[in-house]
1. Can you work out the FRET efficiency for the pair N529 and D677, with r the C-beta to C-beta distance and R0 = 45 Å, to the nearest 0.05?
2. Suppose every Lys and Arg Cβ carries +1 and every Asp and Glu Cβ carries -1, with no other charges. What dipole size does the range 9-122 come out with about its Cα centre, to the nearest 20 debye?
3. What does the charge count around Y327 come to, taking other residues whose C-beta lies under 10 Å from its C-beta (Lys +1, Arg +1, Asp -1, Glu -1)?
4. Put +1 on the Cβ of every Lys and Arg and -1 on every Asp and Glu Cβ in the chain; which of N288, V621, N438 then has its Cα farthest towards the positive end of the dipole?
5. Kindly rank 502-510, 94-102 from highest to lowest mean number of other beta carbons found within 10 Å of each residue.
6. Which whole-Hz couplings ³J(HN,Hα) result when phi for each residue of the range 469-481 is put into the Karplus expression 6.51 cos²θ - 1.76 cosθ + 1.60, θ = phi - 60°, listed in order with x for Gly and Pro?
7. Quick one: which residues, 5+ away or cross-chain, put their amide H under 5 Å from the amide H of L445? H built at 1.01 Å from N.
8. Taking the mean number of other Cβ atoms within 10 Å as a proxy for protection, how do you rank 158-169, 653-664 from highest to lowest?
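All of the numbers you see were taken from the coordinates with simple rules; none came from a lab. Every value quoted in this text rests on a predicted model; they were computed, and no experiment measured them. Virtual Cβ from ideal backbone geometry, glycine too; neighbours counted across all protein chains shown.
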Amino acid sequence: MRLFFALIFILSFNTIDAQNGLKFISNNKPKEERSQLIFDNKFTANDSLVINFQFSIYNKLFIGDLLNIRNNRDSSTISLSYNFTYSGENKPYLNLNVKGIKNLLSIPIPENFVQYQTWMNLNLKIDYNLNNAELTFLNETFTVENLFENSSSLNDILFGKNEFNEDIPAFALKKLKITSDDNFVYFPLDEKQGTAIYSARNNYKGKVINPLWLIEDYTNWHLIKQFELNSNHQIVYDSNKTQFLIIGKNDSYNLDVISGRKEKNKYSIPSNFHSYTSGKTFLNQKDNRVLMFQTGSPNISENKFLNKKLGIESIKKDTKSNFNSSYSIASLDTISKDWKRLYINNIFENPLFHFNANYDNVSENILIFGGYSDFQYKNDFYLFDISSSVFNKLLLRGDKIPPRFRSGIGKLDDGTLLVYGGEGNLSGDQSIGKIPFNDLYNIDLKNNSISLVWEKEYDYARNSSSKNLILNDSQEFFYCLVDSGVKGSIALSKVSLKDGNRISLGKSISFDSSIIANEFDLFYEEKNNRLYAYTKEFFDNRLDKNIVSFYSIEMEPTLNELHEGTIGSNESFFDYKWVLIGFIIIILLTIFIIFRKKPIISLKSEVKKDYIFVRSDRSDVKLFFDNVIALEAMKDYTKIIVKENSYMVHGNISNFIKKFPKNKFIRIHRSTVINVDFITSFEGSTVNLGRNHYTIGGKYISDIKKYLN
């Protein structure tokens with residue numbers, strides 16, 4: 001049996017998924033919403049106490065306590081805290097303190113570890129016999145003498161918010177191990193939801209207040225920032241500085257994807273583009289320059305029907321910009337903020353929407369393919385040579401790509417390009433309708449040839465793709481954002497280069513495709529192994545005021561839905577190695593159950609059900625009662641409102657209320673049920689639940705006041 005337990009212990013460490021862990025809600029939220037991890041048990045240590053864990057910082061600006069160890073015998077507390085100086089050198093530090101008395105250690109943290117959310121291992125040992133502490137961090141060990149007056153301790157261990165300091169850093173925690181004397185406890189933190197945590201053998205338990213389980217970072221896209229712009233801006237990602245550059249005609253912004261901070265920039269030399277409607281932006285990191293071009297003027301007096309469709313008014317030719325002083329291709333120095341004109345003439349007569357483009361840093365050429373313009377889908381290739389300012393149409397032999405727009409483009413290591421998917425038709429004439437393309441083409445510019453890699457059927461009405469295709473290291477598959485199949489949303493797909501088999505990863509992102517100029521794109525950051533995306537959505541077809549939204553998700557996101565087969569034996573979603581390990585664990589657990597003659601885990605019989613599953617948007621959604629704010633009747637549907645979302649569920653509200661706890665959910669109107677825990681105030685016949693306000697029905701007023709009193 002010892003051998004069996006040893007094997008289970010070893011396998012448990014080998015099978016820890018990168019998606020396990022806990023994120024702490026930090027100082028960007030009100031104090032009552034910040035996170036705390038506490039344990040039901042006190043840890044008795046007569047000789048020593050050792051705490052080992054891994055942590056990462058996901059926003060360098062928020063400081064506070066990571067860990068507090070309180071000695072119950074003399075109330076002294078040892079704390080580990082994260083600090084950012086905010087002045088002078090502006091650097092992050094890890095501090096070891098005697099709480100409220102003195103600082104024992106202050107260790108600088110490499111800035112790139114914070115910038116790229118690197119996981120850092122920390123080991124803190126308190127020796128009660130020697131009365132000292134050893135902190136091992138970043139492969140260095142630091143020793144502090146003369147800690148306590150007492151030689152033994154009964155300890156409370158607490159992570160995050162505490163009664164003395166409600167400021168906590170933005171950190172994530174995983175692989176927590178606690179050894180008190182000879183008693184070893186391991187917390188895998190593999191819970192996916194809820195507020196309870198359990199040790200590996202379920203003999204220790206803890207509670208998390210306001211948890212964010214790390215699995216959510218692999219499931220849901222995290223909104224970094226969303227803001228409104230009064231004019232069209234082009235967007236490009238700078239991996240050197242982990243920031244988005246949002247480039248407009250008269251201004252630009254930098255958005256740090258780690259902290260979410262947005263900074264506005266003013267140009268020293270203003271831009272003077274012919275138009276600002278449909279273009280593309282590239283980054284030349286070597287020269288610290290942004291290369292941007294616009295495809296055509298939005299005010300096309302020659303095509304009044306297109307003007308009407310776009311919602312813009314025709315202008316006379318003599319009011320157009322003076323081409324001698326304006327341009328359609330230019331570069332912006334990201335340091336001096338000055339513009340340099342590269343090309344004067346319009347690239348095309350009309351604006352070209354949702355085309356593909358690729359910039360080659362070596363040859364300094366821009367390749368343009370496809371797009372939509374003047375009621376036509378395009379399949380032409382154009383090449384612009386920046387050094388000579390020459391713009392030519394390319395003639396490529398081999399397979400012909402049907403006219404299309406909203407397709408994706410990627411680049412292989414050998415220099416060849418990939419064109420994937422999109423929408424269009426075989427003739428290019430919009431009037432005959434469009435079809436989704438599920439195909440992949442290889443573009444060899446060295447030999448001026450096109451070859452079809454594969455072509456498959458597609459069951460969605462659209463197959464719009466992000467402009468960028470993100471290839472994996474082995475170049476066996478690529479990632480892209482595509483229409484999710486649910487109206488008004490896009491989702492991440494992983495597609496095999498070999499045969500086109502694909503899987504859908506993570507949850508979807510809301511996106512409105514009804515306006516022609518609305519766009520989205522995808523980027524990968526290798527340093528912190530995350531995917532970043534943005535969406536740009538205009539208020540109307542005038543193509544000026546718009547909302548841009550920026551998102552991130554951990555790589556690789558969890559499986560969402562299998563569309564077509566699996567992706568190669570080497571990249572299969574089911575890894576046989578882990579299946580074998582799981583099978584061994586099941587056998588060993590079965591043997592353990594037989595020997596103990598009682599169930600190992602009986603939590604289901606002890607814990608009262610605190611959630612409900614509902615069917616919404618063709619998915620079964622698990623909702624915890626504590627997160628539900630209110631229920632609203634909508635004819636044959638019930639709208640369930642949670643903290644940051646809402647769900648439309650088919651069914652009568654009277655039937656739903658029977659499934660919810662009677663001590664929390666009460667009816668205040670024939671069409672409204674509320675969670676009393678969210679009530680913030682009353683105003684006459686109105687009850688306020690934070691930002692949600694509801695009218696109390698006449699016959700319910702006395703009941704609700706009596707209930708609350």
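1. Numbers: r = 38 Å, r/R0 = 0.84.
Efficiency, rounded to the nearest 0.05: 0.75.
2. On the way: 11 positive and 9 negative charges, 54 e Å.
Approximately 260 debye in magnitude.
3. Values: positive: K340, R341; negative: none.
The answer is +2.
4. V621
5. Details: 502-510: 19.8, 94-102: 15.2.
Going by the mean number of other Cβ atoms within 10 Å, highest first, we get 502-510, 94-102.
6. Values per residue, Gly and Pro as x: 9, 9, 8, 7, 4, 7, 6, 9, 8, 9, 10, 7, 8 Hz.
7. Residues meeting the criterion, in which the H sits 1.01 Å from N, are L417.
8. On the way: 158-169: 20.1, 653-664: 13.1.
In decreasing order of mean packing, 158-169, 653-664 become 158-169, 653-664.
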